[in-house]
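The values are calculated or read from the model by the stated rules, or taken from the named source; none is laboratory data. This structure is a prediction, so every number in the text was calculated from the model and none was measured. Cβ coordinates were reconstructed from backbone atoms using ideal geometry, including for glycine residues, and neighbour counts include every protein chain displayed.
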Amino acid sequence: MNRDEKTLILFKPDCVRKNLSGIILQRLLGEGFRLRGMKMMQLDDAILREHYAHIIDLVIDDKPLFPTLSYFMQTSPVVALVLSGPGVITRVRSILGPTNSMKADKGTIRGDYGTNSMLNICHASDSPESAEVEIKRFFKPEEIFDNVD
């Protein structure tokens, strides 16, 4: 956990609409992570198909998940950020709590602010490999600032 790494975080539409972006950012930075990039952006179907390719065909209760997820993720802009720090991927996921906010403990971000598996405030990379791909998906190299300390 001492290795410095980067992760992608997306403040999802429920976070943005509830005006929680500042609070969530403050909680994450309060853990000692370094902000390396940040921007607000409106997602489209193409980037969402790429980002959620691993669940594009997932069906829950006889309904495909992706159309509902894609619609939700386009209901408002999202805030994308890159954080760095030792063990940032694992640590951020722990701070967020489980994907399903209804199973998240109070004191975690999803436990405090989330509603369910979709309205769960944030997306966070789940591995160094995913983080590398996701950061490149949402940020150009010149939008990442590794020299800010």
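Quick notes on this structure:
- Residues within region 124-136 that are surrounded by fewer than 20 Cβ atoms within 10 Å (Cβ to Cβ) and under 13 Å from the mean Cα position of the chain (by Cα), tallied: 3
- The residues in region 73-88 that are part of a helix (DSSP H, G or I) and in contact with a helix residue (DSSP H, G or I) (Cβ under 6 Å, 6 or more places away or on another chain) can be counted, and the count is 1.
- Test result for PHE139, buried (at least 17 other Cβ atoms within 10 Å of the Cβ), out of contact with any Pro (no Cβ under 7 Å at 6 or more places or on another chain), at pLDDT 95 or above and of a type in the set (Phe, Trp, Tyr): yes
- Residue match in region 4-16 (condition: in a helix (DSSP H, G or I), over 13 Å from the mean Cα position of the chain (by Cα) and β-branched (Val, Ile, Thr)): no
- ARG91 passes every criterion in (1) within 20 Å of ILE23 (Cβ to Cβ); (2) in contact with a helix residue (DSSP H, G or I) (Cβ under 9 Å, 6 or more places away or on another chain); (3) in contact (Cβ under 8 Å) with a residue 12 or more places away in the chain apart from (2).
- Screening GLY107, GLY22 for residues that are under 16 Å from the mean Cα position of the chain (by Cα), at pLDDT 95 or above and more than 22 Å from GLU142 (Cβ to Cβ) leaves exactly one candidate, GLY22.
Table: residues versus (1) basic (Lys, Arg); (2) touching a Pro at 6+ places or on another chain (Cβ under 8 Å); (3) crowded, with 18+ Cβ neighbours inside 10 Å.
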| position | (1), (2), (3) |
| --- | --- |
| LYS6 | yes, no, yes |
| MET38 | no, no, no |
| HIS51 | no, no, yes |
| ASP61 | no, no, no |
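- Condition met for THR108 (of a type in the set (S, T, N, Q) and in contact with a Pro (Cβ under 9 Å, 6 or more places away or on another chain)): yes
- Test: residue in region 63-77 that is in contact with a strand residue (DSSP E or B) (Cβ under 6 Å, 6 or more places away or on another chain), surrounded by 18 or more Cβ atoms within 10 Å (Cβ to Cβ) and either modelled with pLDDT of 95 or more or more than 26 Å from LYS140 (Cβ to Cβ) (or both): no
- Screening LEU43, LEU25 for residues that are of a type in the set (A, V, I, L, M, F, W, C), part of a loop (DSSP other than H, G, I, E, B) and free of Cβ contacts under 8 Å to residues at least 60 places away in the same chain leaves exactly one candidate, LEU43.
- Selection count, region 97-146, where residues are farther than 17 Å from GLU5 by Cβ, free of Cβ contacts under 8 Å to residues at least 40 places away in the same chain and not in a helix (DSSP H, G or I): 12
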